[in-house]
1. Would you indicate which of [x] 54.5; [y] 18.6; [z] 25.6 is the value of mean projected area of the Cα convex hull in nm² derived from the coordinates of this structure?
2. Identify which of GLU80, GLU322, GLU393 has the largest mean-square fluctuation in a Gaussian network model of the chain, with springs joining Cα atoms closer than 10 Å.
3. For MET287, what residues show an amide H to amide H distance below 5 Å, using hydrogens built from the backbone and excluding near sequence neighbours?
4. What spacing in nm lies between the two simple spin-label points modelled at ASN245 and ARG363, each 7 Å away from Cα in the Cβ direction?
5. Just need the relative contact order of region 97-166 here, percent rounded to a whole number, with Cα pairs under 8 Å and 6+ apart.
6. Test of understanding: in a Gaussian network model of the chain with alpha carbons linked when under 10 Å, which of ASP119, ASP362, ASP386 would top the mean-square fluctuation ranking?
7. Quick one: if the Förster radius is 30 Å, what FRET efficiency do GLU56 and ALA146 give, using the C-beta to C-beta distance and rounding to 0.05?
8. Neighbour counts of other C-beta atoms within 10 Å: give me ILE177, ILE282 arranged from fewest to most.
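Readers should treat all values here as calculations from the given coordinates under stated rules, not as data from a laboratory. From a predicted model like this one, the values you see are computed outputs, not experimental measurements. Quick reminder, even Gly has a Cβ in these numbers, built from the backbone with ideal geometry, and neighbours come from all protein chains shown.
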Amino acid sequence: MNSSLFKGLGVLALLVALSLAMTGCDPTTDMVNIEITSTEGGHVQEKVEGEWEKEEVEGSRSLESRAYVQLKAQPDKFFEFAGWEVDGASYGVEENLEKEEITVTRFTAGAKIKASFDDVREEYTVTFAEENKEQGVLIQIFADEALNEPVGDELTTGGDGEVTKDLLEGEYWFTAIKDGFEDFVEGEFLLDGADKKVPFTMVEEVVEEYRVTFKEENGLEDVSIQVFSDEGRTEEVGEELKTDNEGKAPKDLEDGNYWYTARLEGYEDHNGSFEVDGGSMIVSFTMKEIPKYEVTFSDPDNGTLAAEVDGDAISSGDEIYEGKDVEFKASPDEGYRVDKWIVNGEPVDGERGQTYTYENLDRDIDVEVELTEVIDRYEVTFTQPDNGTLTAEVDGTAISSGDEVEEGRDVVFTVD
C-alpha cells in the first residue's frame, strides 16, 4: 500500500472522529439519566436541528454522557429569567448561568439542570361594576379557568353596584351570584400594568309559575289560606288568600315544596302540604266544624249576672264554640256579696269572688250565683283572770280573744 493511500485513510479517520465529537456520538460513551426542571413562571426549550422546540423538554431523560445539548429558559408573562442551576454537567466557556440560552455537555449520571424564574408582577386595583348598579351581588375571583382556585374571600357589590379588589398582574376568572338572577360564571379579565374596571351584567332569572287552586270540599267561602315555603310556617309566600263562593282560591307558584294553613271562624285550623312539579294542580281540603255548646244563666236575687267570651258579651241561651273560656261577672246589690257559684246544679269549690271563668268549654252549662247579705262583724276580746279561767263561745262553738263575731249573735262567757 503506497503513502498516498495511508494519507487518505488518515484524513477519513480524522473526519469521522470530528463528526462523532460534534454530534456527541461516541460508540464508547455511556448512557446516563439526567433531569431538566424549572421553577414556577416559565419552562425550558431545546434547540433541535437549529430550531427551538415549542414543546417543553422538562423531566427525566436518558442520553449519552458526552451529548451536546442546547437549552433555553422561556419565562411566562409577568415573570423573568433568574438563572440556571447545573449539577453534574459542563457548560460552554462562552455562556454563563445568567443567560437564558445555555449549551450543556459531558453529563454524569443523575445530572440536574434547573431554570429559575422570578415573579415580577405588580399589584393594581380591579373595580367590578354591575351595569344596572345591582347591589348585594356576590363575586368570587379565581386563578384558573376551571374555577377551582379561589383568590381571597367573596366580594359584595355596594349601593352603586361596584366593589374593588387589589390583585397582582395576571389572568383571572370570576363568578357573580345573586338570588333572583341567573348565575354569571363566564367572567374573565387580564390585569396588565394598570388599574382595571371590569363591567358585567346580571340577568333576572325567569322562573316559570304554575296555577295552584285551593279547593274546600264543602264549598265554604271566606276561608283564609296562608302558603309557606318552610315546614315551620315562618316564611310566607305572597299574600293571604280567601276562598270564593265556590270554595276556591287560585295562586301561581313555581316548582317546589310548600305548606299551607286554612282558617275560618267556627272551624278547626287545617294544615297541609303539597309539591308543585312542572304543572298546574288542585289542592283539596276539608274544614272541620268546631262543636258548639249552649250557655245559660240568669240574674240572682239582689243582683245581676253577665257573661262574655273573648271580650264580647253573650246572652243566656247563646251557643259557644268548644274550647272557649266563658267569663261570668256578678254585680250584687248594696249590702250583698257572692256566697257561691253553681254550675249545672253543683257548687264550685273555692269560688266566692264576683267573677268566675268556665275554662275550655266542653259541654252545655247552666251557671248560677247565690248572693248573701253582708252582715257586720265585731271583734271580741277578753283576758284571763287571776286564779281562774275565762272562756267564750258562739252558738256552742268556742272562740278566742280577738275573733270577729257577726252582729246579733250571742257570746257566752264562762269563768272556771
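1. Computed from the coordinates, mean projected area of the Cα convex hull in nm² corresponds to [x].
2. GLU393
3. GLU217, ASN218
4. 4.3
5. Working: 77 pairs, mean separation 23.2, N = 70.
Averaging sequence separation for qualifying contacts and normalising by length gives 33 percent for region 97-166.
6. Its mean-square fluctuation being the largest, the pick is ASP386.
7. Numbers: r = 21 Å, r/R0 = 0.69.
For GLU56 and ALA146, the calculated efficiency is 0.90.
8. On the way: ILE177 15, ILE282 12.
Fewest to most other Cβ atoms nearby, the residues stand as ILE282, ILE177.
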